[in-house]
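**Q** Take this structure first; my questions come after.
The numbers here are math on the coordinates, done by the rules we state, and not lab data. What you see is a predicted model; the values in this text were computed from it and never measured. Here Cβ is always computed from backbone atoms with ideal geometry, including for glycine, and neighbour counts include all displayed protein chains.
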Amino acid sequence: MTNILCIGAGYVGGPTMAVIASHCPQHRVVVVDINEARINAWQSDQLPIYEPGLYEVVSSARGRNLFFSTEVNRHIAEADIIFVSVNTPTKSFGQGAGRAADLQYWEKTARQIVENSTSSKVVVEKSTLPVRTAEAMEHILNYNSAGLHFDIVSNPEFLAEGTAIQDMQNPDRVLIGGKDSPSGQKAVQAIVDIYSQWVPRERIITTNLWSSELSKLAANAFLAQRVSSINAISALCEKTGADVNEVSHAIGLDNRIGPRFLKASVGFGGSCFRKDILNLVYLCEYYGLGEVASYWEQVIKMNDHQQQRFVSNMVSSMFNTVAGKRIALFGAAFKANTSDTRESPALAVCRALLEERADIVLTDPHALDNARTDLGGAAKFVCFEPDPYAAAKNAHAIAILTDWAQYVDLDYEAIYKSMAKPAFIFDGRNILDHKKLHAMGFNVYAIGKPPLTYTQAS
Ligand code: NAD
Ligand code: UGA
């Protein structure tokens, strides 16, 4: 039996360890966190995050070989392999503020590992980190007076929220980076052995440490870049009468381009795309690669622009004022099938419309609690309404901001009747049947498509 520990019981630590425990009954897996409420939730029937299939996987292993605890130090001492999955947000202060990764939680964890270890261990970077972080880790971990040796392995996580369980059950690839030394390779093999319990061996790839660390940042940058690219095209579609869905279908059929991540939207959100690209930009600048840094920075600028464009389109279409008008925002989560609202474009739109003094009612099937927290002081100006029909009642406009499947099947005839007239719908996810809505009487604005309106000449 191997004692596996994961430090950090968040969106990554909890689900990844549950999947490992479910496939490796021979190992003992403990997930620790300093956040007691989170740990209590992991031990209960109300898990701290909403993720399809998560409850089933957690309950299959919890109490058998999967445990959640706040006793970080004790479990460090007992562990053979430690995955570190703490948060690595963008630094908000000092050097590199607004760009560099804030590594304080990461470094504190490393020091805590040294202080509480009585045996040598493998330490796995699960968090997304700047390239060459493992070097700093080595210094902190291996300069100890107890003669302990720590091998550092990079094993970045590629799961996407909303599909986390299927992504981990059937990953495109598992990436494991390690040092070329005999003990480095032994450590890599220990991690390969865990994943090969359920992942075909050819999908487990091993690299050097720096390639592994950088591949994670590069993968997120490439994915976000595709979204920004199609969103850039959507702006041109709106000016020219082209339809972005038709364009993305046409280009996506090219095998070299492929169809995924070409859905134009109100913008990408989530805790990682923005922070990881900023981190990449910072690294490029640090290494004197100014042109490379600006290339990647443009992905973020385009995303900010798409969100601003969406809001200014709403305001100008509604006769240049939304002040005092009730507007129903459908969706708070940054994407469907998650309760996560970190960096959600829905909240950016919400804040911008509050600035315009609109009367905002926000609805979402799972993310209203997180939305309330993330909106901070602005939350007191927002009405939180779980029922979309109640949210739309007497509203001048609806904006679809999250691609929840349930928003496609609502009774829009009934919704139209209950709204103020003229009624507007802004589909920030292009998920609705626009012609049908227009026939009902709605003024319909979608992303990258000609508007279907009664209020202005098209
Ligand atoms: P999170 O904020 O949900 O979870 C991190 C947890 O670490 C928190 O619960 C926090 O309390 C805990 N923590 C911080 N310091 C600690 C300490 N010293 N001891 C014990 N616990 C501590 O973050 P997340 O979304 O799970 O992301 C974690 C890492 O994984 C980040 O680097 C992120 O970039 C990366 N990542 C995230 C996703 C995702 O979908 N969220 C996907 C791939 C990679
Ligand atoms: C993303 C990556 O897909 C994961 O591989 C990675 O592990 C993770 O970031 C991470 O490092 O945190 P996630 O942010 O959970 O996963 O979700 P995505 O499916 O990538 O969506 C990100 C955002 O882009 C969402 O707001 C989504 O609505 C938007 N998006 C995505 C589009 O607007 N259009 C698309 O075609 C695809």
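**Q** Report the far tail of the P(r) of region 362-443, meaning the percent of Cα-Cα pairs longer than 21 Å. It would help to have the intermediate numbers written out before the result.
**A** Working: 923 of 3321 pairs.
The calculated P(r) of region 362-443 puts 28 percent of pairs beyond 21 Å.
**Q** Here is a further query. For region 251-325 and region 21-55, what is the separation of their C-alpha centers, rounded to whole Å?
**A** With region 251-325 and region 21-55 each reduced to a Cα centre, they are spaced 33 Å.
**Q** Any aspartates and glutamates with Cα under 16 Å of the residue 263 Cα? List them, leaving off those in the same chain fewer than 8 positions away.
**A** 238, 243, 246, 254, 403, 427, 433
**Q** Hey, another quick one. Which lysines, on any chain, are close to residue 421 with Cα under 17 Å apart, when same-chain ones fewer than 8 places away are left out?
**A** Here the lysines satisfying the reach criterion relative to residue 421 are 325, 393.
**Q** Return the sequence-ordered ³J(HN,Hα) values of region 113-123 in whole Hz as given by the Karplus equation 6.51 cos²θ - 1.76 cosθ + 1.60 applied to θ = phi - 60°, using x for Gly and Pro.
**A** Residue by residue, region 113-123 yields 5, 4, 5, 9, 8, 10, 9, 5, 8, 9, 10 Hz.
**Q** Next question. Which residues' amide hydrogens lie under 5 Å from the amide hydrogen of residue 204, considering only partners 5 or more residues apart or on another chain, with H built in the peptide plane?
**A** 174
**Q** Here's another thing I want to ask about it. I'd like the distance between the alpha-carbon centres of region 68-119 and region 356-398, rounded to an integer number of Å.
**A** Their Cα centres are 36 Å away from one another.
**Q** For a quick check of your reading of the filter: which trypsin sites (Lys or Arg not before Pro) in region 215-292 sit in a DSSP loop and have no more than 15 other Cβ atoms within 10 Å? Let's see the in-between values first.
**A** Details: sites: 216, 226, 239, 256, 260, 263, 274, 275; in loops: 256, 260, 263.
Here the trypsin sites (Lys or Arg not before Pro) that fit, given the DSSP loop and packing criteria, are 256, 260.
**Q** Measure nothing fancy, just the Cα-based angle from helix 273-286's long axis to the longest principal axis of the chain, in degrees from 0 to 90, nearest 10.
**A** 60
**Q** Then there's this: Shape call for region 1-136 from the C-alpha gyration tensor, a ≥ b ≥ c root eigenvalues: rounded (a/c under 1.5), prolate (a/b greater than b/c) or oblate? Before the final figure, lay out each step's value.
**A** Numbers: a/c = 2.01, a/b = 1.37, b/c = 1.47.
It is oblate, given that a/c is not under 1.5 and a/b is not larger than b/c.
**Q** Taking only Cα atoms, what is the 0 to 90° angle, nearest 10, from helix 182-195's long axis to the longest principal axis of the chain?
**A** 50
**Q** Listing 287, 282 from the residue with the fewest other Cβ atoms within 10 Å to the one with the most, what is the order? Show your work: numbers first, answer last.
**A** Details: 287 11, 282 21.
Ascending number of Cβ neighbours within 10 Å: 287, 282.
**Q** Now for a separate question. Go through 359-371, 177-189, 386-398 and give me the packing order, highest mean Cβ count within 10 Å leading. Kindly include the intermediate steps, with their values, before the conclusion.
**A** Working: 359-371: 22.4, 177-189: 16.8, 386-398: 19.4.
In descending order of packing, they fall as 359-371, 386-398, 177-189.
**Q** Arrange the peptides 441-447, 3-9 so that the one whose residues have, on average, the most other Cβ atoms within 10 Å appears first. Working shown, then result.
**A** Numbers: 441-447: 23.3, 3-9: 25.6.
Listed from highest to lowest mean packing, they are 3-9, 441-447.
**Q** Measure nothing but the geometry: give the 0 to 90° angle between the long axis through the Cα atoms of 13-23 and the longest principal axis through the Cα atoms of the chain, rounded to 10°.
**A** Tilt of helix 13-23: around 60 degrees.
**Q** Ok, one more. Run through region 115-178 and list the GluC sites (Glu not before Pro) located in a DSSP loop whose Cβ has at most 12 other Cβ atoms within 10 Å. Intermediate results must be reported in sequence, preceding the final value.
**A** Working: sites: 115, 125, 135, 138, 157, 161; in loops: 157, 161.
Loop-located and lightly packed - none at all.
**Q** What number do you get for the chain when its Cα radius of gyration is normalised by 2.2 N^0.38 Å, N = residues? Working shown, then result.
**A** Details: Rg = 23.8 Å, N = 458, 2.2 N^0.38 = 22.6 Å.
Here the Cα radius of gyration is 1.05 times the empirical estimate.
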